Amino acid sequence: MQKAKYQEIAGALENGIRNGEYRGRLPSVRLLGELFGVNPRTVLRALQQLTAGGLIVPNGNRGFLIPEEGSRRPVSGNIVIFHPGPVSGNPGQLDRLITEAGMRPISISTPAADLCGVRSFWETLSADGVIFMNSSLDRESAYQLKLSGIPFVAANRMPREWGVNCVEFDHESALRLFLKALIRRGRRRIALLNPRYPLRYFREIIFSAYFEVMNAYAIFDPELFVYPDESQPYEAALAAGVERLLALPRPPDAIYSSVPEPELRRILAEHRVTLPKAVECGFSRIFDEPAPDGGEPGLVYRYDRLRESLWELLQLVIADPVRTPETRLIPVPVIGPDGELLTAATNSQPRN
């Protein structure tokens, strides 16, 4: 089967990079278009493919850089665990896994997220690898890390064209399954209540899964997809979103909340908002160890599995920095409205 023109260009550029014909940076998009006799959009598609493969790194409006081979620093034995805010969850598990491998875990926590996009910040660290927790890695930070030569993985999904190794829960498959279970019970006004996702890209993933199911049954209503107003403090905005749902002329008959139940119940109680008993609810359920059988309806997130997969993937990237970037999706068990365990086929994305 004949390759598309952009694939041919990507292949020619990849060969040139590996053979040393291009060093430091690629020619401009305009010059590459002239060289291959194509328009800039075709060149950009080829460059996106090379970026996804980790061969080149965008440099703002200054073209595309080629990371130097051997740019990695000497082995230090240090592994950085980066948190966007106060260290939360169970960092002890990652500490243990890293220590058992004969390395030193170093936790870094800062509210100054813009530090991640400064290459000099990473270059001053003596680290063999970095694990980004809690959706703390953005595109600019990823590109600067690539240029600094430090292997890294992220605990959040990334667009394919970023070419980032990442591990994430398979939210979509589980959410689709739970929504369909509610629909089979006769629910038609199903609201989706969301936290504030640090990355807009992830918010779009969740909306897409929700829209797909609701639209297939011709029951989609955009008013039922609740995302907290970013102009308000988070908890007040979340409570206001629930109040707005309950005040609709046709309020929801079911709600799935990505905000875990204890947190949501506390927020609603503090803002004097009450969920009617007639509204069927499902919640995210978070565990750092094997989840108990049964329990309240919702999606079951096993963070111990997420951390194990992050550390396993980082070790592969450290051993082979030029390996094809990989997206790993962790299956999410679903407890249906009747308390039954439902099984979703995982959206497998082993390679980008």
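The values are calculated or read from the model by the stated rules, or taken from the named source; none is laboratory data. What you are looking at is a predicted structure, and each value in this text was computed from that prediction instead of being measured. Here the Cβ positions follow ideal geometry from the backbone for every residue, glycine too, while neighbour counts run over all protein chains shown. Surface accessibility is based on the protein's heavy atoms, side chains included, excluding ligands, DNA and RNA. Shrake-Rupley method; radii C 1.70, N 1.55, O 1.52, S 1.80 Å.
Side notes on the structure shown:
- Within the stretch 140-198, being within 30 Å of Leu125 (Cβ to Cβ) and of a type in the set (D, E, K, R) holds for Glu140, Lys146, Arg157, Arg160, Glu161, Glu168, Arg196.
- Test for Leu329: is it crowded, with 16+ Cβ neighbours inside 10 Å, modelled with pLDDT of 90 or more and in a helix (DSSP H, G or I): no
- Scope the stretch 203-224; condition of a type outside the set (Gly, Ala, Ser) and either on the phi > 0 side of the Ramachandran plot or under 20 Å from the mean Cα position of the chain (by Cα) (or both); matching residues: Arg203, Glu204, Ile205, Ile206, Phe207, Tyr210, Phe211, Glu212
- Among (1) part of a helix (DSSP H, G or I); (2) touching a residue at least 60 places away in the same chain (Cβ under 8 Å); (3) open to solvent by less than 10 Å² (accessible area, probe 1.4 Å), the one test that Tyr143 misses: (3)
- Criterion: open to solvent by less than 40 Å² (accessible area, probe 1.4 Å) and closer than 30 Å to Leu137 by Cα - qualifying residue of Arg265, Arg305, Arg323: Arg323
- Considering only residues in the stretch 200-227 that are aliphatic (A, V, I, L, M) and without any contact (Cβ under 8 Å) to a residue 24 or more places away in the chain, the one that is surrounded by the most Cβ atoms within 10 Å (Cβ to Cβ) turns out to be Ala216.
- The residues in the stretch 5-47 that are among the aromatic types (Phe, Trp, Tyr) and within 31 Å of the chain's Cα centre (by Cα) can be counted, and the count is 1.
- Tally, over the stretch 125-137, of residues that are open to solvent by 10 Å² or more (accessible area, probe 1.4 Å), touching a helix residue (DSSP H, G or I) at 6+ places or on another chain (Cβ under 7 Å) and not hydroxyl-bearing (Ser, Thr, Tyr): 1
- Residues located in the stretch 1-29, provided they are assigned to a helix (DSSP H, G or I) and either surrounded by 15 or more Cβ atoms within 10 Å (Cβ to Cβ) or aliphatic (A, V, I, L, M) (or both): Lys5, Tyr6, Glu8, Ile9, Ala10, Ala12, Leu13, Glu14, Ile17, Val29
- For the criterion of being free of Cβ contacts under 8 Å to residues at least 60 places away in the same chain and within 18 Å of Glu161 (Cα to Cα), Tyr22 fails.
- Residue match in the stretch 235-258 (condition: under 30 Å from Trp162 (Cα atoms), within 20 Å of the chain's Cα centre (by Cα) and among the hydroxyl-bearing types (Ser, Thr, Tyr)): yes
- Residue in the stretch 228-239 that is surrounded by fewer than 18 Cβ atoms within 10 Å (Cβ to Cβ) and within 20 Å of Asp170 (Cα to Cα) present: no
- Scanning the stretch 74-124 for residues that are of a type in the set (Gly, Ala, Ser), open to solvent by 40 Å² or more (accessible area, probe 1.4 Å), at pLDDT 80 or above and closer than 22 Å to Ala142 by Cβ yields a count of 2.
- Pairs meeting the criteria (first residue in the stretch 166-190 and farther than 13 Å from Glu212 by Cα, second residue open to solvent by 10 Å² or more (accessible area, probe 1.4 Å) and of a type in the set (Asp, Glu), beta carbons under 6 Å, at least 6 apart or on different chains) are Arg187/Asp253; Arg189/Asp253.
- The stretch 30-65: number of residues that are surrounded by fewer than 19 Cβ atoms within 10 Å (Cβ to Cβ) and touching a Leu at 6+ places or on another chain (Cβ under 7 Å): 3
- A residue that is open to solvent by less than 30 Å² (accessible area, probe 1.4 Å), over 30 Å from Ile98 (Cα atoms), in contact (Cβ under 8 Å) with a residue 24 or more places away in the chain and aliphatic (A, V, I, L, M) occurs nowhere in the stretch 293-300.
- Of the residues making up the stretch 30-42, just one is under 14 Å from Phe64 (Cα atoms) and either of a type in the set (D, E, K, R) or in a loop (DSSP other than H, G, I, E, B) (or both), namely Arg30.
- All of (1) open to solvent by 40 Å² or more (accessible area, probe 1.4 Å); (2) within 25 Å of the chain's Cα centre (by Cα) hold for Tyr197 with one exception: (1).
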